[in-house]
Each structure stands twice: as structure tokens, then as C-alpha cells.
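The structure appears below as C-alpha cells.
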Amino acid sequence: MVQNKRATIVRPAETPAMSPGPVPDAVRNECRELMARALDFCEAKAHVQGHPRVVEALQMGDRAVHDYLRYGLAREIGSYLGHMEASVKAVYFFEPESMAEEDIEQRKDLTRGIQLIAWVTNGRTSVRARAETLGEALLKEYKALLGPAAEAMSDILMLDVVDDHDVAERTGLGAVISSVHTRPIEVWSRYVLRLNADHCGGCRICSTVCPYEAIYVGPETATAKIDLEKCQACGICYSACPAGAIQAAYYDFSSLVRQVRTLVRANGFKAIALTCRGSIPTREDTESIVGTSDYVPICLPCVGRTPTEFFLKALAMGIQSIAVIPCRDGHCRFEDGGKIVRNRVLLLQALLRSLNRDPSALILQEAKGPAATIDADLCTGCANCVSLCPYDAIWMHDRNGHLLPAARVDAELCQGCGLCAPGCPSRAIEMGRFTNPQLSSQIEAALAVAPPNDVPRILGFRCNWCSYDDVDSPFDRLYYSSQGIEVIKVPCAGRVDPLHVLWAFLNGADGVFLAGCPHDDCRYVSGSDQAEKRIGRLRDLMLAHGLDPRRLRMEWLKRGSADAVGQAMRRFASEVAQLGSRCAD
């Protein structure tokens, strides 16, 4: 156990390089947004309706609400520092061990500040200076919000900065970050995957299972090395590492267990359905596989990243049935994810038999996945779909070379990207599970309720693969909804039809945001290229008809950041707010 000494903590106000000064207006405005988002977090977690009720609970000394506020602020501050300072690798929320429970009991709840550890590559002084400026503004905002209840607080943000040497040599709080037993809570990280060299045994399992040759273990190095430029963040290496040396930023063992525990407590379900983003089975298909309509749904980038211990932990928690639904062979977006999880489930079933447990508690069944269909009565034979399909799954000629009256789709070859549907001028193509009527209904539902406080209504279309981020969790969806931002997931940005964008504007959207993968990183080969061409033409059309094209944004977001989509949409929403209501266009 690493013992922390309170004397090692560096408070911003105690650092000579951080002399107090006037707080810039930009920082003051930013801290108001941070505080508002932290109050949103309290509202959702403590089941308190409205910011005034949250503030009232804080003023009355409700410790649980105060702890939610501290953690919510820690997340927001971590993200702020990480995006403002490129040298920041990760930010941790830390409770010093020297602060015993009895000491906390004797203190007023509202005098407990936020202790953070920032792990940087360099530039300690710059990070501390930025934290001091933000801390001053946050303290003023906090006292203005809570009034006399917060007068005793002298500071709200305490920061210790460590670098690579501190972590590698386990010096000071660097030892806390690199320790297995006393590791603090990571609230922000620049990386979605990280390898702890101290725990790596050089077994080469990770490099063997990696579909992208992003992990290397050579004779000249004793531990594995991850090439983050090649890494696709599938997480298969994380689940395969026998030493637990690879850390995943999300969908890891702890977060999966917390999600199951929370949902089981909420509804009492005893079954889990693990699905892949590529398989996307219908609810009817899932119910048929699981054997019940009462199940906990968990959708992962790839079911192959599910760690073995999660299955055992879920069964130990009282889960009676776990259905694993990977993509079909040849359809896995991460090449071998389906094969890996299949072998894992078979081994676990053998283990259950040896323990005289029912192996049928683990169910493995592939999903067909969405596929395009063509209405022959509507098809004009223009062959646009043939040229758009990146998998040669659509053809216009039979085996003898004779021209067919309508295009046909080979469901075995179709990967479910949906690129063909927006390119069909006669609307003869529908995309299974992402049909035009389904997407139109989702758009209408997302924009049906006006957001609070007259904030702009933003509709986001998000590619299933561009980022694995905070907009996936139920809480964060609630948070973004409170900010007027709604998100609809599509298999690829290339599935978004310009008519979907126009339908969103017709239903009251003030701005439409499309999140897609970079062109050289598209999971469906040419999906990003097609999306960019269509959105470019639509912008020209908008400008010609008096609709400000700045209200339509498309960004390419790589999987290397856990909150890329959320951050990009918030920036866009802020810009749209400056444009004002669309009625003024």
C-alpha cells in the first residue's frame, strides 16, 4: 500500500509561478459552464429535479449531493485542462489517505475542495497556472451560488502535477498513479488505451490478437509497445492480457460491472445481451436469442473485447443468462473479434461443466446484421448503387451477362453500411434497421421537445465507429438532452441522406452535426468520402435558399479520444447559439 503524505500536495496558491491576477472573462464564462454541467450531473445522479433543488440540498449540507458535485466538477476540470494543455496525459480525482473518515465527519461538507493529480509530459508551471486561474473563478462562482453556506471555503481546487519520471520512478504521487492498489479515479485521459510496462510480462498475447499490428514485442524490448496511430481502439488486447497490464478508458471490466449492477438493481432483470455495434440485432431477434424480453442490453464496439472475468462476475452477481451476439464471420469490423469471443465462450462453458454448473447460462449466436433491400418496382436500373457499394454486393447483370430489370443485393456480401440508400434517386433502396421511415421518426422524436432556457436545438448524426465516447451512457444522453443536443447513431456517416438533414431543419433544429471517421480510417472504405460530397452539395443548396450553411457541420473524429464527439458537438452548439434562432435566418 502506497502511503500518501499530505505535505507532498502542491496547492496552486502556494506556487510562486502562479501569482493571483484578474480572471479573464473567457475563463469566468468557462467556469460557469463547468459548474452548470456539474450541477446537471448532481441532478441526474441524486434524482433531484432542477438546479435550484440541487443548490438547496447543497446548502443544507447533503453530503451525497456534495460528493456528486465534487466528482462532476473533477470530470469537467480534467477535461478542461486536458483540452487546453496538450502536455496533459491524464487527470485523476484523488482523496488523500491522511484525511481520515472522522476528520471528514467533523468538517463542514461544503468546505471540502477537489484534489486532482495531473500527469503531464512537460510544462508543469503552465498547467498549474491555468489551474490557479480556473480555481479562482470557480471559487467565486461557488460562493455566489451557495452564499453563506460556502463562506468557510478558502479554495476549491487543489492540484498536484506529476510527470513521466515521477510515475516511472514511483516518486511522490506518481507512485499512486502507477500503483495497482491505490490508483486514484481517472476522470480524463488523452488515451483510450494504455499499457503499464511494470505489469507487462512480454508474453506477446496482445500482439498476437491485435488485428492491426498496433502492438509490438521484439527481442530488443522486454515489454509490449502500443502504436496509438495504428490502434483502432477495439479493446481486444485489453481483454486478452493475462497480467492486466493494458488499461482501457471505457467498456472495461469495472464499468461493465457497474452498468450491470445498476440496471439489475433498477429492474431486477437476470439476463444480459452483449451485442456488437456491427451486428445490431433487432429487439425481437435479441429476445429470441436471450429467451426473454427482460434483459440488460449492452452494446460494445466489439464483443471480442469483453474480459473473461466479466462473465464470471456477472454469474456471481446472480445473472442467470448471458447472450453473446457477435457479427457473422467475415463481417466483423475488427476482423477477429467474433472468433476470439467464440473461443472465450466455449472455454467458459467447459469451465462451467467442470464446476457442475449449467453451461447454457452462456449463449453464443451470431447476428445477421443489417442489409440493404431493393424494391424492384421502384428501381429504374440507373446502377448508382452498384458504383457506390464498396463490397460488390449489388449487381445489375446475371451470370450470363444479361442486364437485369432491377438491381439485386447479395445479403451475404452486404456489410450494412447504407452508402447505397442516399444515392438512389428513385428511393428504391432501404437499409435494414436504419430505414428512411425509422430515421425520420427518430428525428421527429428527438426534436419534439424544446430544450430549456432557450438554448439552440442541435441534432447530431453519429457514425457507430467514429468515437467510443460519453454520449453512449444513459446519464450523458440525459445531460446532452438538457443542453438541447440529441444524438442519432447511424452505421456510417455515409448513410445520412441530405433529406434527413433537411427534415431535421423542418422539424425545428437550429443546427445539424455529423460525426464521421477520418477518410483513411472509415470502417466502410468510402463512407466518409460519400458523406463529405453529399454534405458539400447540401451546403451549397442551403446557401442558395437563404439558410446559413454554418448551421450544418461535419467533423472527422478519430477513436483516439474518449469524448471527441461530445466536445465537438458542444463547440458546435456554442457557435450556433451565437447565430441565434434559425427563425432569424
Exercise for review: Filter the stretch 314-347 for residues that are assigned to a helix (DSSP H, G or I) and touching a Ser or Thr at 6+ places or on another chain (Cβ under 7 Å) and give the result.
Suggested key: V341, R344
Revision key, fill the gap. Subset of the stretch 542-566, residues over 27 Å from the mean Cα position of the chain (by Cα) and either touching a residue at least 12 places away in the same chain (Cβ under 8 Å) or in a loop (DSSP other than H, G, I, E, B) (or both), comes to H545, G546, L547, D548
Check your understanding: Of all residues in the stretch 182-237 being assigned to a strand (DSSP E or B) and among the hydrophobic types (A, V, I, L, M, F, W, C), which is nearest to I340 (Cα to Cα)?
Key -> I215
Exercise for review: Considering every residue within the stretch 368-375, establish whether at least one is within 30 Å of R427 (Cα to Cα), in a loop (DSSP other than H, G, I, E, B) and modelled with pLDDT of 95 or more.
Suggested key: yes
Review point. Quick one: is E335 of a type in the set (D, E, K, R), surrounded by fewer than 19 Cβ atoms within 10 Å (Cβ to Cβ) and closer than 27 Å to V187 by Cα?
Key: no
Exercise for review: Go through the stretch 60-101 and give me each residue that's crowded, with 16+ Cβ neighbours inside 10 Å, part of a helix (DSSP H, G or I), touching a residue at least 60 places away in the same chain (Cβ under 8 Å) and not aromatic (F, W, Y).
Suggested key: L73, A74, R75, I77, G78, S79, L81, G82
Exercise for review: Among residues belonging to the stretch 191-242 that are free of Cβ contacts under 8 Å to residues at least 24 places away in the same chain and hydrophobic (A, V, I, L, M, F, W, C), point out the one that is farthest from C276 (Cα to Cα).
Suggested key: A222
Review point. In the stretch 277-290, what count of residues is obtained for those that are at pLDDT 90 or above and either surrounded by 15 or more Cβ atoms within 10 Å (Cβ to Cβ) or more than 26 Å from Q438 (Cβ to Cβ) (or both)?
Key: 5
Point to revise | Given (1) surrounded by fewer than 18 Cβ atoms within 10 Å (Cβ to Cβ); (2) modelled with pLDDT of 85 or more, number of the condition E229 does not satisfy | key: (2)
Review point. Can you tell me how many residues in the stretch 440-470 are touching a strand residue (DSSP E or B) at 6+ places or on another chain (Cβ under 7 Å) and part of a helix (DSSP H, G or I)?
Key: 3
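Given the residues G201, G218, which is the only one that is outside the structural domain of A57 (by TED's automatic domain parsing) and more than 27 Å from S254 (Cα to Cα)?
G218
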Review point. Within the bounds of the stretch 330-343, is there any residue that is over 27 Å from L193 (Cα atoms) and not hydroxyl-bearing (S, T, Y)?
Key: no
**Study point:** Every residue from the stretch 475-530 that is hydroxyl-bearing (S, T, Y) and at pLDDT 90 or above
**Key:** Y524, S526, S528
Point to revise | Which listed residue is within 22 Å of V296 (Cα to Cα), crowded, with 19+ Cβ neighbours inside 10 Å and out of contact with any His (no Cβ under 6 Å at 6 or more places or on another chain), from L274, L263 | key: L274
Point to revise | Number of the condition not met by L557 [criteria: (1) within 29 Å of L193 (Cα to Cα); (2) at pLDDT 90 or above; (3) of a type outside the set (F, W, Y)] | key: (2)
Review point. Can you spot a residue in the stretch 324-332 that is under 20 Å from S207 (Cβ atoms), surrounded by 16 or more Cβ atoms within 10 Å (Cβ to Cβ) and at pLDDT below 90?
Key: yes
Practice item. With the condition kept exactly as written, say whether any residue in the stretch 261-277 is assigned to a loop (DSSP other than H, G, I, E, B), touching a residue at least 40 places away in the same chain (Cβ under 8 Å) and touching a Lys or Arg at 6+ places or on another chain (Cβ under 8 Å). Key: yes
Check your understanding: So S255 fits all but one of (1) surrounded by fewer than 22 Cβ atoms within 10 Å (Cβ to Cβ); (2) in contact (Cβ under 8 Å) with a residue 24 or more places away in the chain; (3) closer than 16 Å to P301 by Cα; what number is the exception?
Key -> (2)
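The values are calculated or read from the model by the stated rules, or taken from the named source; none is laboratory data. Everything quoted here is computed from the prediction, not taken from an experiment. Cβ sites come from the backbone with ideal geometry, for glycine too, and all protein chains shown count toward neighbours.
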